Amino acid sequence: HPTTLPDLLEFSYLHHGLLWENNIYFERAIAAFISYLNHHEYTPAEVRKALNAVERETINAHGYGLTSFTRSLVTCFERLSPAPVTEEKAERILGFARSIAEQEIELLPGVAETLAELCTRHRLILMTKGNQAEQADKLSRSGLSTHFSAIEIVAEKDPPTYREVIARHELTPHTSWMIGNSIKSDINPALAAGLHAVFLFHKDTWVLEHATLDPAPQSQHLLELDSFAKLGAIF
């Protein structure tokens, strides 16, 4: 029951996708890319499906990050365009990706105030996956780094990785929580590693992070919230 949860909490993990807008900028770049491709044989939905498939391939080979996303756009254009990719077209595609890097960090509602409150009561660890330099730069520009006792930037967020982080920080799983907006990377693997979890719904979560929510194992808690600020009332 939620009223008993604060007594259990010692540590929290948080995923950066909860803290600032991220995926909306990729979605805007993808929309611009699809419009630029202007394919006469495939619908926009079919182009998006093809891009999703290319992104999965690229991630498996090269990991996450803006460089991988750029590679995916170019590869998808090459596969679907009836004409060769000229230098001019390649530069235009690169521009779509650059528009993401140029975005200011936009904190989500309630994040700054709630983190400032939570860090006075709990040890907060930021755990995110992606390119080391890109993620570190975003955190630096966000102004939130002082709220965290540790930063974990990992290649993939799966149960073995969670267990490694638990061991590295000498955490006790039954008093530790993962708070995230990705069922695939934040919630299901954290539950599998023995952590409690809070699924914070975000309408713009990346499509490749969609999954079916696993039930919490016996003796573990799973909460579902729709607002970051509500964490302050629970924890």
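Readers should treat all values here as calculations from the given coordinates under stated rules, not as data from a laboratory. All of these numbers come straight from a predicted model, not from anything done at the bench. Neighbour counts run over all protein chains shown; Cβ positions are idealised from the backbone, glycine included.
Close amide H pairs (under 5 Å, H built 1.01 Å from N) link L223 with A197, V198, F199, residues at least 5 positions away or on another chain. Projected over every direction and averaged, the convex hull enclosing the alpha-carbon atoms of segment 33-102 yields 4.6 nm². Among the GluC sites (Glu not before Pro) found in segment 118-161, those both in a DSSP coil and sparsely packed, with 14 or fewer other Cβ atoms within 10 Å of their Cβ, are E156. Packing order of peptides 50-60, 141-151, highest average first: 50-60, 141-151 (average count of other Cβ atoms within 10 Å over each peptide's residues). Using the Cα gyration tensor of segment 79-142, with a ≥ b ≥ c the square roots of its eigenvalues, what is the shape: rounded (a/c below 1.5), prolate (a/b larger than b/c) or oblate (neither)? Prolate, because a/c is 1.5 or more and a/b exceeds b/c.
3J(HN,Hα) along segment 62-76: 10, x, 8, x, 5, 5, 5, 4, 4, 4, 5, 4, 5, 4, 4 Hz, from the Karplus curve 6.51 cos²θ - 1.76 cosθ + 1.60 with θ = phi - 60°, whole Hz, x for Gly and Pro. Residues whose amide H falls under 5 Å from that of W20, counting only those 5 or more places apart or on a different chain, are L108, with hydrogens built in the peptide plane. The phi-based Karplus calculation (6.51 cos²θ - 1.76 cosθ + 1.60; θ = phi - 60°) puts the 3J(HN,Hα) values of segment 217-232 at x, 4, 6, 10, 10, 10, 10, 10, 10, 10, 8, 5, 4, 5, 4, x Hz, whole numbers, x for Gly and Pro. Maximal additional length on extending the R56-A150 stretch stands at 30.9 nm, based on 0.36 nm per residue less the C-alpha distance. One decimal place: the segment I234-I24 gains 72.8 nm when fully extended, by the rule 0.36 nm per residue minus the C-alpha distance.
Rg over Rh for segment 121-235 works out to 0.93, both radii taken from alpha-carbon positions and Rh defined as the Kirkwood radius. Taking a ≥ b ≥ c as the square roots of the eigenvalues of the Cα gyration tensor, segment 170-235 is oblate, since a/c reaches 1.5 or more and a/b is not larger than b/c.
Every helix of 4 or more DSSP H residues in the chain counts as -39500 (n - 2.57), and over all residues that averages to -13500 deg cm²/dmol at 222 nm. Here Rg/Rh (Cα atoms, Kirkwood Rh) was computed from the coordinates, and among (1) 1.01; (2) 0.94; (3) 0.97 the match is (1). Here r is the Cβ-Cβ distance between A116 and H174 and R0 is 22 Å; the resulting FRET efficiency, rounded to 0.05, is 0.25.
Using the Cβ-Cβ distance between R123 and T212 with R0 = 30 Å, the FRET efficiency computed as 1/(1 + (r/R0)^6) comes to roughly 0.45.
Taking 19 Å as the straight-line reach from the Cα of K138, the lysines in range (excluding those fewer than 8 positions away in the same chain) are K129, K157. For K49 and D226, FRET efficiency with R0 = 30 Å and r from the beta-carbon atoms, rounded to 0.05? Efficiency computed from Cβ-Cβ geometry: 0.55.
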